[in-house]
Amino acid sequence: MSDSKKILLLSAYDAESHRRWRLALAAQFPDIEWVQLSLAPRWFNWRIRGNPLSWALNEAQVLNQAFSQIWATSMTDLATLRGLVPSLAAVPTYLYFHENQFDYPLSDHQKHSAQKHSLEPKMVQLYSALAADRLLFNSGYNRDTFIVGVKDLLQKMPDEVPLGVAEQLAAKAQTLPVPLEDHCYSPSPELQPSPHSKPAIPQRPLEIVWNHRWEYDKGPQQLLEVLQMLPPELALKVHIVGQKFRRSPTEFEHILTLLEQNQWLGTWGYVDSEVAYRQLLRQSDVVLSTALHDFQGLSVLEAVAAGCIPLVPLRLAYRELFEPRWCYPGELDSPSASQACAELIQEYCNNVYNEQGLPLAPSLDHLSWRALSSDYRHLIDTVDF
């Protein structure tokens, strides 16, 4: 029975979204005895190769318990860990992919050393996927780019490459999104003013929120291009929020200057208060993504659940999450995409001032814990690997 289960939950690079999933998973199923190990999300190259060494020697007593299952994130070097801790080798194991290293864009700095460093993380994830019993991906896009990436990589190897590796991985792969917590959702639809649209409110700006990590892979260059294409007279309030790091792309300095010059500046920087952040999402009209990659796009999804209209690229995971009406077309990080995005912003600005108003955000009820809990429970109760 599930009430007797003890599950080892491993997060080898416990970034914010990974930590959120880990804690929510344990909280959702309190009848399970979860034994959690996590490592801080820093020193990436050491962490992705060193996590089995750190755990096998520092946490030997913890790891040598009797477990019903293992749930590990894809940053975990599962193959090495199971070799160093033989008692784990036969435990049924799920490997959860928040991302995959085969479709992760490189920064300009990383491109210079790509040949030296890009193979290692990919091979760790490949070996871990082979060592796991089941592979879980947060989106079809994530799954497909991983499988294709494995196939492309092995085709480049000089010899002794086994046949059917990618097909073997695909056969044990499935999609299972990271669910949204109840507090992400705005009040129920019956409390909203119209079943079709938000009412037009003259004399107020359109509020846009860009809520992502302040790093190159979230597209700050395209964000700057989009803002530069907008007429200065537009009535806008732009909130640039999200996790900041010691070194942020220089584009943010130019973005701040532009927003101040055009009197578009709303909230700027990381919002420490969870209550204040949720309120910011609920008061905003549009959530904007200019990402170079998003494997599920949790920050966009939680904003849409709060009532924001998604304005996202017609690629990445967004192609399966949203209808084309919510997306702007164009190639990765291209002027045509920036122009298409800017035109949609102007259209939404105009709608704020006319009788049409703004459309309501699409429903994401199917991504809630209420909707997905049974899928997770089924996997927890599965023993016939």
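The values are calculated or read from the model by the stated rules, or taken from the named source; none is laboratory data. For clarity, every value in this text was computed on a predicted model and none was experimentally measured. Note that we place each Cβ from the backbone using ideal geometry, even for glycine, and neighbour counts take in every protein chain shown.
List of remarks:
- Look at (1) within 18 Å of the chain's Cα centre (by Cα); (2) touching a residue at least 24 places away in the same chain (Cβ under 8 Å); (3) loosely packed, with under 14 Cβ neighbours inside 10 Å and you find that H366 fails only one, number (2).
- Failed condition for L358, given (1) in contact with a Ser or Thr (Cβ under 7 Å, 6 or more places away or on another chain); (2) under 21 Å from D217 (Cβ atoms): (2)
- Some residue of the range 217-235 being among the aliphatic types (A, V, I, L, M), closer than 30 Å to S74 by Cβ and either assigned to a helix (DSSP H, G or I) or modelled with pLDDT of 95 or more (or both): yes
- Residue in the range 185-192 that is modelled with pLDDT of 90 or more and within 30 Å of H378 (Cβ to Cβ) present: yes
- Of the set (1) in contact with a Phe, Trp or Tyr (Cβ under 7 Å, 6 or more places away or on another chain); (2) closer than 16 Å to L130 by Cα, all apply to L88 but (1).
- Tabulated pairs, the range 327-342, first at positive phi, second of a type outside the set (S, T, N, Q) and in a helix (DSSP H, G or I), C-beta under 6 angstrom, 6+ apart or interchain: G330/A337; G330/A340
- Any hit, the range 335-353, residues being farther than 30 Å from E99 by Cβ and in a loop (DSSP other than H, G, I, E, B): yes
- Any chance A276 is assigned by TED's automatic domain parsing to the domain that holds C327 and out of contact with any helix residue (DSSP H, G or I) (no Cβ under 7 Å at 6 or more places or on another chain): yes
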